[in-house]
Amino acid sequence: MSESFFTKHLHDANESYIEHLVFTIKAGSTLIAAGVIVMIHGLFPFVFTHTGSNMICRLTDEMKTRKQACQQRCTAKNPPSE
């Protein structure tokens, strides 16, 4: 079956459109919330001392895990030629 530019990434990520959409909404919301928290921390250094960076670190870890899984699936489908 031929994959279009729209479906290739979803297949590589092994996700449906809805699963991918839900993750990206959560990731985007986390980034927005972390940004607001960091700005509040800038104004009031005694609040949210680690909250923003912890949120970003957790999101980074999750995205690295997802990326590794995606790369493994892509490599399995298209092994490097020798």
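If you take the residues of the stretch 8-50 that are among the polar types (S, T, N, Q) and either assigned to a helix (DSSP H, G or I) or under 29 Å from Cys70 (Cβ atoms) (or both), which of them is nearest to the chain's Cα centre (by Cα)?
Thr24
Taking the condition of being closer than 23 Å to Ser29 by Cα and either free of Cβ contacts under 8 Å to residues at least 40 places away in the same chain or not in a helix (DSSP H, G or I) (or both), how many residues in the stretch 51-79 meet it?
Total meeting the criteria: 17.
Could you give every pair whose Cβ atoms fall below 9 Å, whose first residue belongs to the stretch 12-36 and is modelled with pLDDT under 95 and of a type outside the set (D, E, K, R), and whose second residue is in a helix (DSSP H, G or I) and exposed (fewer than 12 other Cβ atoms within 10 Å of the Cβ), counting only separations of at least 6 or pairs across chains?
Within 9 Å, the pairs are Tyr17/Phe6.
If you go through the stretch 51-82, how many residues are more than 15 Å from the chain's Cα centre (by Cα) and loosely packed, with under 12 Cβ neighbours inside 10 Å?
Selection size over the stretch 51-82: 9.
The values are calculated or read from the model by the stated rules, or taken from the named source; none is laboratory data. Here the structure is a predicted model, which is why all the values come from computation and not from measurement. When we count neighbours, we look across all protein chains shown, and the Cβ atoms used for this are built from the backbone with ideal geometry, even at glycine.
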